[in-house]
Amino acid sequence: MRFIVLTVLYIAVIIIKHLQWKNLLAGESGEILSYINIVFFYPLATACLVGAAFCVILRKTAQRQIIMATNVMMGIILTVSSALYLWENTFWRWTYTAPNAPVTLTFPNGEWKTVVTNPHGYRMTVVMKGTHVGISVFVTSQDADNIHNFDELLTSQQIRFKENYKGDAFKLKPCKIEGFKCATQEYIRTAENGKEKTNISMFLLDDIHLIQIAAIIDEKYTDEYYDEVMAIMNTAKAVVK
């Protein structure tokens with residue numbers, strides 16, 4: 001009976017852990033191995049080792065006592081994991097403010113995590129969900145970039161992208177974010193590794209700043225993440241000073 005209880009608890013933990021970490025299945029081979037460890041190995045190993053350690057400390061080392069202690073620990077793991085999953089997907093909202101940015105974004109759950117990268121030698125913080133989608137915020141002054149309106153923005157992009165600039169692909173669409181003049185832009189580009197990526201940018205202008213909220217999605221995952229990314233971008237709010 002104790003083994004049946006342990007099996008049921010273990011299966012329940014696997015289900016909850018899978019729901020928490022299923023995004024790793026879409027990653028590289030190393031992330032799939034991490035998924036296997038987190039979902040299958042760590043819960044069972046932790047329950048067995050901690051349960052056995054308590055039995056040794058309390059000098060109750062009969063097989064039935066060790067199994068019972070393991071069941072208790074597995075129940076604790078199930079309870080904590082379930083509570084975290086429900087919190088992250090029901091109640092948890094967190095607000096992100098990029099360095100020196102007069103704007104915040106609200107992310108829906110703990111699956112979105114900040115990651116510091118160093119592309120092309122400079123430090124950049126990206127809020128990522130797995131490895132196939134990330135959102136960054138870039139801030140500069142309008143005077144520094146000589147961009148004070150969206151026409152000047154398109155002109156600067158035309159100069160920057162040169163022969164790769166295509167007017168239809170870079171078309172700006174108006175949007176509404178309180179406290180800013182707002183426009184969005186979407187296009188597909190080929191990254192250095194040859195993979196196609198969907199670029200979604202929201203440009204915000206106030207009296208001083210030029211702000212770009214940029215999302216990059218692996219092209220074949222665009223349908224999966226597009227609506228969530230747009231919902232996050234539309235949470236943009238001016239920082240109240």
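Counting only helices (runs of 4 or more DSSP H) that sit wholly inside the stretch 121-239, not one has at least 2 residues that are surrounded by fewer than 15 Cβ atoms within 10 Å (Cβ to Cβ), at pLDDT 90 or above and in the same structural domain as SER34 (by TED's automatic domain parsing). Cβ separations smaller than 8 Å between residues 6+ apart or across chains give no pair from the stretch 222-235 residues that are on the phi < 0 side of the Ramachandran plot to residues that are assigned to a helix (DSSP H, G or I) and basic (Lys, Arg).
Take the conditions on the phi < 0 side of the Ramachandran plot, at pLDDT 85 or above and surrounded by fewer than 17 Cβ atoms within 10 Å (Cβ to Cβ) and apply them to ALA45. Does it pass? So ALA45 fits the description; yes.
Quick grid of which residues meet (1) within 30 Å of GLU224 (Cα to Cα); (2) among the basic types (Lys, Arg):
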site	(1), (2)
LEU6	no, no
GLN20	yes, no
LEU33	yes, no
ILE36	yes, no
TYR42	yes, no
LEU49	no, no
ARG59	no, yes
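Can you confirm whether the stretch 159-167 contains a residue that is within 22 Å of the chain's Cα centre (by Cα) and either within 24 Å of TYR96 (Cβ to Cβ) or without any contact (Cβ under 8 Å) to a residue 24 or more places away in the chain (or both)? Spell out how you get there, then give the answer.
Applying the first criterion (within 22 Å of the chain's Cα centre (by Cα)) to the stretch 159-167 yields none.
The answer is no; no qualifying residue exists.
For the subset of the stretch 105-120 comprising residues that are in a strand (DSSP E or B) and surrounded by 10 or more Cβ atoms within 10 Å (Cβ to Cβ), which member is modelled with the lowest pLDDT? If you could, list the steps in order and put the result at the bottom.
Within the stretch 105-120, the subset in a strand (DSSP E or B) is 105-107, 113-117.
Imposing the further condition that a residue be surrounded by 10 or more Cβ atoms within 10 Å (Cβ to Cβ) reduces the set to 105-107, 113-115, 117.
Working: LEU105: 93, THR106: 91, PHE107: 91, LYS113: 86, THR114: 87, VAL115: 86, THR117: 77.
Checked the stretch 105-120; the qualifying residue modelled with the lowest pLDDT is THR117.
Just one of the numbered conditions (1) out of contact with any Cys (no Cβ under 9 Å at 6 or more places or on another chain); (2) in contact (Cβ under 8 Å) with a residue 24 or more places away in the chain is not true of CYS175: (1).
Among residues that are closer than 17 Å to ILE211 by Cα, surrounded by 13 or more Cβ atoms within 10 Å (Cβ to Cβ) and at pLDDT 80 or above, SER82 is not included.
The values are calculated or read from the model by the stated rules, or taken from the named source; none is laboratory data. Keep in mind that what you see is a predicted model, and the values were worked out from it rather than measured. Glycine gets a Cβ as well: all are built from the backbone with ideal geometry, and neighbour counts include every protein chain shown.
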